[in-house]
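S.K.: What follows is a structure written as structure tokens; I'll ask about it next.
A short reminder: the numbers here are calculations on the coordinates, not readings from a lab. Bear in mind that the values here come from a model prediction, so they are computed numbers and not experimental data. Backbone-built Cβ (ideal geometry, glycine too); neighbour counts: all protein chains shown.
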Amino acid sequence: MFENAQQFRDWSKLQEAIDEASEIPPCTNYPDAWFPEHSYENLTEANMAIKMCKTQCPVMTECAIYGIKWEKDGIWGGLTARERIRIRNRNEIKVPRKVRVVERV
Ligand code: SF4
């Protein structure tokens with residue numbers, strides 16, 4: 001499950017951030033959408049997952065950092081596997097900016 005002790009520490013740090021967050025990350029309730037390459041032919045759902053990361057997740061930054069460092073599959077911190085590889089290869093950790101949602105009444 002974990003490649004080494006450092007991955008376990010980084011995972012624990014992400015879990016702490018989730019525990020302390022005011023809201024539950026959206027992927028908790030609908031995890032398949034975050035792994036489109038395993039279970040989905042349709043990219044619409046993956047795009048929806050990315051949008052939810054960027055607009056609704058209280059731990060997007062922490063998740064992106066963890067995902068860039070350790071995860072090969074799925075969507076982490078609003079980034080696809082390909083985007084994370086690109087960031088890793090450039091050796092620069094650039095986390096996506098959180099999008100502010102303004103509700104209209
Ligand atoms: S940023 Fe991470 S924790 Fe948040 S919804 Fe996306 S995959 Fe889940």
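S.K.: How much length is gained if the chain between ASN91 and GLU45 is pulled fully straight, taking 0.36 nm per residue apart and subtracting their Cα-Cα distance, in nm to one decimal?
M.R.: Extending this stretch completely gives an extra 13.7 nm.
S.K.: Net charge around PRO26, counting only other residues with Cβ within less than 11 Å of its Cβ (Lys, Arg = +1; Asp, Glu = -1)?
M.R.: +1
S.K.: Oh, and also: For the stretch 1-92, state which chymotrypsin sites (Phe, Trp or Tyr not before Pro) are in a DSSP loop and have at most 13 other beta carbons lying within 10 Å of their beta carbon.
M.R.: Sites meeting the loop and neighbour criteria: PHE2.
S.K.: Using DSSP to define loop residues, name the GluC sites (Glu not before Pro) in the stretch 1-84 whose beta-carbon has at most 11 other beta-carbon atoms within 10 Å.
M.R.: GLU3, GLU23, GLU41
S.K.: Could you tell me what % of all Cα pairs in the stretch 5-89 have separations over 21 Å? Kindly include the intermediate steps, with their values, before the conclusion.
M.R.: Working: 902 of 3570 pairs.
Cα-Cα pairs of the stretch 5-89 separated by over 21 Å account for 25 percent.
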